Amino acid sequence: MTVIAIDGPAGAGKSTVAKQVALATGLPYLDTGAMYRCVAHAVMSSGVNTVDAEAVGEIARSARIVVESDRSELNGVDVSQVIRTPEVSSVVSIIAAHSPVRDAMRLQQRRWIDIHGGGVVEGRDIGTVVFPRADLKIFLTASPEVRAERRVSQTGGDVAQIAANIAERDRIDSTREDSPLRPADDAIHVDSSRRTIDEVVNEIVHHFRNVKGHQDNG
Ligand code: DC
């Protein structure tokens, strides 16, 4: 079963790149951030306090989350658009820091890969914790300015405000105790700041073919 892990901070271009890598390799694509966003949306709709780890964990365990390509469903409802709103973005890192939430999501992510027979998986802890034996691990970064500008061109809004939101999410994601955002020791670092999507995708596909070539010959 083949797994390509693509981790990195918000706005580094993970989704765009991961989808293209999936197309180029014929593997299915899993956006694990969408799963955490579904939980955040469920928590916001429930009125439960976002800092209550046990109550939020219970919501994560009982929510029926279906993520396929760009489409996300929560308890049978299409939430693909609503999970991208600034309201969800501003609380998702808080709920994603709770271990009961992470335990539930890891279980679902591994099950997803079993059912789909592999995939290109993007997130924050894929190469370090969820699939530590992934065939290829990429840590995708870009400068804070580039990341903020990309988000603004996707969703609109004020650059300074979005830059502040990204910086705050990075801070929470990389300082939490449970599976913080960090590169795996054997990850290949790719900086997308000054490169086109095609260049980044080609580099990753090239690394993947190398790895596969070695595996097939070994
Ligand atoms: O990739 P994204 O911006 O949609 O992710 C939303 C949030 O979900 C992110 O701020 C942290 C969390 N997340 C995580 O903790 N672990 C993952 N594997 C994916 C996302």
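The values are calculated or read from the model by the stated rules, or taken from the named source; none is laboratory data. The model shown is predicted, which means the values in this text are computed figures rather than measured ones. Cβ coordinates were reconstructed from backbone atoms using ideal geometry, including for glycine residues, and neighbour counts include every protein chain displayed.
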Quick check on residue 11: is it on the phi > 0 side of the Ramachandran plot and modelled with pLDDT of 95 or more? no
Positions within segment 3-12 being more than 9 Å from the ligand (Cβ to nearest atom) and either surrounded by fewer than 24 Cβ atoms within 10 Å (Cβ to Cβ) or without any contact (Cβ under 8 Å) to a residue 24 or more places away in the chain (or both), in sequence order: 3
Among the residues that make up segment 137-147, is at least one of them under 17 Å from residue 15 (Cα atoms), of a type in the set (Val, Ile, Thr) and free of Cβ contacts under 8 Å to residues at least 40 places away in the same chain? no
Quick one: in segment 16-54, of everything that is within 14 Å of the ligand (Cβ to nearest atom) and within 18 Å of residue 187 (Cβ to Cβ), which residue is surrounded by the fewest Cβ atoms within 10 Å (Cβ to Cβ)? 33
Segment 65-93, subset surrounded by fewer than 13 Cβ atoms within 10 Å (Cβ to Cβ) and in a loop (DSSP other than H, G, I, E, B), residue farthest from the ligand (Cβ to nearest atom): 76
When residues of segment 55-64 are filtered for being away from the ligand (no atom under 16 Å from the Cβ) and either of a type in the set (S, T, N, Q) or closer than 23 Å to residue 7 by Cβ (or both), how many remain? 1
Suppose we filter segment 183-213 for residues that are part of a loop (DSSP other than H, G, I, E, B) and of a type in the set (Val, Ile, Thr); how many remain? 1
Please name all residue pairs, on different chains or six or more residues apart, with Cβ atoms under 6 Å, provided the first residue is in segment 112-130 and is farther than 27 Å from residue 166 by Cβ and the second residue is modelled with pLDDT of 95 or more. 113/119; 116/28; 118/2; 118/3; 118/27
If you check residue 42 against the conditions, is it under 21 Å from residue 103 (Cα atoms), modelled with pLDDT of 95 or more and touching a Phe, Trp or Tyr at 6+ places or on another chain (Cβ under 9 Å)? no
Which one of 111, 102 is part of a helix (DSSP H, G or I), touching a helix residue (DSSP H, G or I) at 6+ places or on another chain (Cβ under 9 Å) and not small (Gly, Ala, Ser)? 102
Take the conditions at pLDDT below 90, surrounded by fewer than 21 Cβ atoms within 10 Å (Cβ to Cβ), of a type outside the set (S, T, N, Q) and touching a helix residue (DSSP H, G or I) at 6+ places or on another chain (Cβ under 8 Å) and apply them to residue 149. Does it pass? no
Would you please name the residue that is surrounded by the most Cβ atoms within 10 Å (Cβ to Cβ), looking only at residues in segment 178-204 that are within 16 Å of the ligand (Cβ to nearest atom) and touching a residue at least 60 places away in the same chain (Cβ under 8 Å)? 192
Determine if segment 148-158 includes at least one residue that is within 16 Å of the chain's Cα centre (by Cα) and closer than 29 Å to residue 56 by Cα. yes
Selection within segment 152-173 - touching a residue at least 40 places away in the same chain (Cβ under 8 Å), not in a loop (DSSP other than H, G, I, E, B) and not acidic (Asp, Glu): 155, 165, 166, 169, 172
